[in-house]
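Mind having a look at this structure? Questions to follow.
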Amino acid sequence: MHVTELEQELGSRTRAVAAAKWVHGGALRHHLPASVPGVSKRVWEPFAKKVELEAPKVIARAESEDGTTKYALDFKGAQVETVRIPARSRSTICVSSQAGCTRRCAFCATKELGFLRNLTAAEMIAQYALARSEAPAHQPARNVVFMGMGEPFDNLDEVLQAVRVLTQSPAPQLKAQSVTVSTSGVLPGLKRFLAESKASLALSLNATEDETRAKLMPHTRTWPISALLGELERDAVDNPKRDHFIEYVVFDGVNDSLDDAHRLVKLLSKVRARVNLIPFNASALKDAPGLRAPSKETLLRFQAVLVEAKVLCLIRWPRGREIAAACGQLALTAGPQVA
């Protein structure tokens, strides 16, 4: 619950802040207690009786050599995956917004699961809380990315609520810029997100021409590249200090040419963009026919074109690939160890 909803339920801001500190701060919570410091039992007991925490059941977990941990979770029959990715001084938590996915991107293993249901905001926050509780003290969970299973903009009401809770004071109190919501390019949701949220946006672009992109992401036929980037260009005028992430999964011989790199520079000329180049990760479930990862040399040449044009561009080398936890691999596979 957001602190404003807690205030309505508990009758005062002071009680709401005390409850938020308990629910969203510190250890993972599996159930509400009989009492909470700062809230009288007279007020708390009726509230606790009608509210249920969305604590997931951990089906399995697996850890890669680089410390990336993947969790297979069950929410009342809906199974999803969550990933904790450690860095030098922090951890990033990758959460799912749907059980399965409504989109049919050619390179993503999640599509093989079909679509079961949307997750609630509480279930998304529970994924973060679980992974945060296992993060080492020197690598606290300071970043959240909605890049797990599902298309976040096909479940935007719940995603926006989850973002509001994650960034609320007094807890969890993440910075808005430290929460990133990714989209495969659902234009109505993109427009609404830019208008309603201060969180970061990541657009999964993956091609510089509509024909190529439509083969990878069929909904391009409904929302072409020009329409998607047009919204980012308008936002650059309205919010000149706001950056956007452009995710570009690179495939050998498909979208990795120098011509593609130069077209990408031109497409982003009016967008405040940070480009992440992501080498294709073959799915542990079923390899996408005809799609292969590019060579390291090709990636570096592509990056050099963008850097020379003064476009901030990083190569996101795979993390957790051997446990099927890398970009595009989430499909409840790879036999993680039983929890």
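Taking Cα atoms, how many degrees apart are the long axis of helix 258-267 and the longest axis of the chain, rounded to 10 and kept between 0 and 90?
50 degrees
How high is the FRET efficiency from Gln177 to Lys310, r the C-beta distance, R0 22 Å, rounded to 0.05?
Once the sixth-power term is evaluated, E becomes 0.55.
Shape call for segment 45-152 from the C-alpha gyration tensor, a ≥ b ≥ c root eigenvalues: rounded (a/c under 1.5), prolate (a/b greater than b/c) or oblate? Walk me through the intermediate numbers first.
Working: a/c = 1.91, a/b = 1.02, b/c = 1.88.
The shape class here is oblate.
Let me ask something additional. Determine the calculated [θ] at 222 nm for the chain from helices alone, applying -39500 (n - 2.57) to every DSSP H run no shorter than 4 residues and normalising by the residue count; nearest 500 deg cm²/dmol.
Value at 222 nm, helices only: -9500 deg cm²/dmol.
Let me ask another. Taking the chain as the reference, fit the longest principal axis to its C-alpha atoms, fit the long axis of helix 156-166 to the helix C-alpha atoms, and give the angle between the two in degrees, 0 to 90, nearest 10.
60 degrees
Can you pull the accessible area of Phe251 for me, 1.4 Å probe, Å² to the nearest 10?
0 Å²
Given the chain, what percent of its DSSP beta bridges are antiparallel, to the nearest 5?
The antiparallel fraction comes to roughly 50 percent.
Using 7 Å Cα-to-Cβ label points, what is the Glu233/Leu116 separation (nm, one decimal)?
Inter-label distance under the simple model: 4.2 nm.
Would you check the accessible area of Asp235, probe 1.4 Å, heavy atoms only, in square angstrom rounded to 10?
For Asp235, the solvent-accessible surface is approximately 10 Å².
On to the next question. In terms of solvent-accessible area of protein heavy atoms at a 1.4 angstrom probe, what is the ranking of Thr222, Thr298, highest value first?
Highest to lowest solvent-accessible surface, that is Thr222, Thr298.
Which three extents, in angstrom, do the Cα atoms of the chain have along their principal axes, listed largest first?
So the three principal-axis extents are 68, 47, 37 Å.
Which value in nm describes the separation of the simple spin-label points at Glu209 and Ser40, placed 7 Å from the Cα toward the beta carbon?
7.2 nm
Now a separate question. Express the carbon and sulfur contribution to the solvent-accessible surface of the chain as a percent, rounded to the nearest whole number, probe 1.4 angstrom.
Ligands and nucleic acids excluded, carbon and sulfur reach 51 percent.
If the chain between Lys50 and Leu28 were fully stretched, how many nm would it gain, using 0.36 nm times the residue separation less the Cα-Cα distance?
In short, 5.9 nm is gained.
With a Förster radius of 51 Å, plug the Cβ-Cβ distance of Asp74 and Ser269 into 1/(1 + (r/R0)^6) and report the FRET value to the nearest 0.05.
Values: r = 46 Å, r/R0 = 0.90.
Working from the Cβ atoms, E equals 0.65.
Sticking with this one: With no solvent and one equal point scatterer placed on each C-alpha of segment 120-166, evaluate the Debye formula and give log10 I(q)/I(0) for q = 0.16, 0.20, 0.25, 0.28 Å⁻¹, two decimals.
-0.45, -0.67, -0.94, -1.10
log10 I(q)/I(0), Debye, Cα-only segment 13-60, no solvent, q = 0.14, 0.23, 0.24, 0.26 Å⁻¹?
-0.36, -0.87, -0.93, -1.06
Provide Phe280, Phe115 ordered by accessible surface of protein heavy atoms (probe 1.4 Å), highest first.
Ranked list, largest accessible area first: Phe115, Phe280.
While we're looking at this one, here's another question. Quick one: accessible surface of Arg132, probe radius 1.4 Å, all protein chains present, in square angstrom to the nearest 10.
Approximately 50 Å² for this residue.
While we're on this one: Heavy atoms only, probe 1.4 angstrom, no DNA, RNA or ligands counted: give me Trp317, Trp22, Trp44 ranked by accessible area, highest first. Please list the in-between numbers first.
Numbers: Trp317 120, Trp22 50, Trp44 0 Å².
The ordering from most to least exposed comes out as Trp317, Trp22, Trp44.
Determine the per residue accessible area of segment 1-144 with all protein chains present and a 1.4 angstrom probe, expressed in square angstrom. Can you show the working numbers first?
Numbers: 6660 Å² over 144 residues.
I get 46 Å² per residue for segment 1-144.
Can you give the longest stretch of the chain with no exposed loop site, where a site means GluC sites (Glu not before Pro) in a DSSP loop (not H, G, I, E or B) with at most 12 other C-beta atoms within 10 Å?
66-339
Please report, in whole Å³, the volume per residue of the convex hull around the C-alpha atoms of segment 1-89.
Value for segment 1-89: 124 Å³ per residue.
Only Cα pairs under 8 Å and at least 6 apart count here; give the relative contact order of the chain as a rounded whole percent.
Computed over the chain, the figure is 16 percent.
Take the alpha carbon atoms of segment 17-93, find their center, do the same for segment 142-203, and report the distance between the two centers in whole angstrom.
Using only Cα atoms, the two centres lie 19 Å from each other.
The values are calculated or read from the model by the stated rules, or taken from the named source; none is laboratory data. Please read all numbers here as calculations on a predicted model, not as lab measurements. With ideal geometry, Cβ positions are generated from the backbone for all residues, glycine too; neighbour counts draw on all protein chains shown. Remember, those area values only see protein heavy atoms, side chains included, never the ligands or the DNA or RNA. Shrake-Rupley method; radii C 1.70, N 1.55, O 1.52, S 1.80 Å.
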